[in-house]
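To start, the structure itself, in structure tokens.
Quick note: the coordinates plus some simple rules give every number you see, no bench work behind them. What you see is a predicted model, and the numbers here were worked out from it, not measured in a lab. No Cβ is skipped: glycine too gets one built from the backbone with ideal geometry, and neighbour counts run over all protein chains shown.
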Amino acid sequence: MLPTFYQIHFQKQLKNTEYLTLILLVYLLQSQKQVSIELLATLMPYPIQFESRRRSLQRFLKLSGLSIESLWFPLVQELVKTKFSQTETLKLIIERTQWRDKNIFVISLFWTRRSLPLYWKILDKRGTSNMEEQKSLITPILSLFKDYKIIILGDREFGSVKLGSWLCEKQVRFVVRIKQSRYIKQESTDYVQLLELGLLPGTSFFLTGVKVTKQQGFGKFNVAGYWLRKYRGKVEDEGWYLLTNLDTSQQAIAAFKCRSGIEAMFKDCKTGGYNERE
């Protein structure tokens, strides 16, 4: 059921009874495709009362040893070592999602049209993440993949010059979408909004060394514009405006298209897999 290197790692990290509970839990999650303590406790094959099974399962899930860093990171490293060469660029996607009453902030690795969750935090608030939360999510992954080239991808929530500047300081490449209402300034021109640049379906542009905020103290970035052409009578509502430190429009657009992998991952984990409606 679990790959051999998973089993070996878990057996080193957990006691025998804990390892058995984990194996049973994974099996039930895969077979039932529902995340429900009550359902899992009902199906756990332990010769004790339901309430005792439920409390036992809750205690297991709160074990300090069941941390992302100690259990998940080594498995991720092994997987990346097996599936990616060190010459490849890892595309990492940051995104938030609402799962029931939880506001979950995730960074994932794009892989074969999907993405693999790497690290996540449950925000104790509603709404968007802030700069400190973004840095705290990304920083452990930068250490985890210090021997690889990476690109950070994010939608408009993460299209801030503060995040872009921080990633540049870390020598990390990135492509994040920004709003069409954003003001930019090219050399020897006044500030204009991106929507004034005349981007139309089937067209694109690439601007280098532009200011993307009227605030002082931030460097210059590149901005790519891209609007998918009309296809089979359908056209997207608006184009993409991408803030990046990549060198060409083709690189920025090709990388950002991979961001869709996290949407597929969320569907897998929710209605396509562990049904959030239950």
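General observations
- Dividing the radius of gyration of the alpha carbons in segment 4-61 by their Kirkwood radius gives 0.98 for Rg/Rh.
- Where only DSSP H runs of four or more residues are counted, the chain gives -11000 deg cm²/dmol as its mean residue ellipticity at 222 nm, each run worth -39500 (n - 2.57).
- The residue list Phe5, Ser56, Gly261 was ranked by how far each Cα lies along the charge dipole of the chain toward its positive end, using unit charges on Cβ atoms, and Ser56 comes out on top.
- In this simple spin-label approximation, Trp120 and Thr87 carry label points 7 Å from Cα along the Cα→Cβ vector, and these lie 3.5 nm apart.
- Long-range Cα-Cα pairs in the chain (distance over 33 Å), rounded percent: 32 percent
- Taking all Cα pairs closer than 8 Å and separated by 6 or more residues, the relative contact order of the chain comes to 17 percent.
- Other residues lying with their Cβ under 11 Å from the Cβ of Phe218 contribute a combined charge of +4, Lys and Arg counting +1, Asp and Glu -1.
- The modelled label-to-label distance for the pair Arg113/Thr203, using points 7 Å beyond Cα in the direction of Cβ, is 3.3 nm.
- The chymotrypsin sites (Phe, Trp or Tyr not before Pro) found in segment 164-217 that occupy coil by DSSP, while having at most 16 further C-beta atoms within 10 Å, are Tyr191.
- Taking every full run of DSSP H in the chain, none both stretches at least 27 Å from end to end by Cα along its long axis and averages 1.6 or higher on the Kyte-Doolittle scale.
- Cut-off 13 Å between beta-carbons: net charge of the residues surrounding Ala252, Lys and Arg +1, Asp and Glu -1: +4
- Given Lys91/Lys179; Lys83/Lys162; Lys81/Lys220; Lys83/Lys125, the pairs whose alpha carbons are separated by over 30 Å: Lys83/Lys162; Lys81/Lys220; Lys83/Lys125
- The alpha-carbon positions of segment 176-256 define a convex hull whose volume is 91 Å³ per residue.
- Counted by neighbouring Cβ atoms within 10 Å, the residues Ser129, Ser108, Ser85, Ser188 run from fewest to most as Ser188, Ser85, Ser129, Ser108.
- Ellipsoid semi-axes in whole angstrom, largest first, where each is sqrt(5λ) of the Cα gyration tensor of segment 105-258: 26, 20, 15
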